[in-house]
Amino acid sequence: MRTRKPTFLTVVAAQCVLVYSINLTYVQICGSPAAVMSAGTTFTLKYASNNDNVFVTAGDGTLRVWELDVANRKIRPTECTLGQLKRIVKCMEVRKPFLR
């Protein structure tokens, strides 16, 4: 198993997602609300297994895939529609391959 050197520190705090660059002595790159206003608390965050610029957050009625645009200091969420399902996600696993 190959271990990669971490590039980013991503924090979910006070319902915000904050991304810091480890290579730039923990300079904040960007931030965004962790979930839409109608959703609940975000509990978990996992990075894609093959892409340092993609991660997933999940929680009480929320599931989002995020893509970092480091050059423009932006973070873009894609809301995953759960339909009528009422789910609370407290842990998750990202398997290979993810977002080829």
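The values are calculated or read from the model by the stated rules, or taken from the named source; none is laboratory data. Being a predicted model, the structure only gives us computed values, none of them experimental. Methodologically, a virtual Cβ is constructed for each residue, glycine included, from the backbone with ideal geometry; neighbour enumeration extends over all protein chains shown.
The set of residues in segment 37-50 that are under 21 Å from Thr7 (Cα atoms) and assigned to a strand (DSSP E or B) comprises Thr44, Leu45, Lys46, Tyr47, Ala48.
Scanning segment 51-62 for residues that are within 15 Å of Cys16 (Cβ to Cβ) and either acidic (Asp, Glu) or not in a strand (DSSP E or B) (or both) yields a count of 1.
Scanning for something farther than 20 Å from Phe8 by Cβ and in a loop (DSSP other than H, G, I, E, B), does segment 63-75 turn up at least one residue? Among the residues of segment 63-75, not one is farther than 20 Å from Phe8 by Cβ and in a loop (DSSP other than H, G, I, E, B), which makes the answer no. Every condition in (1) surrounded by 14 or more Cβ atoms within 10 Å (Cβ to Cβ); (2) modelled with pLDDT of 85 or more; (3) not in a strand (DSSP E or B) is met by Cys91 except one, and the failing one is (1).
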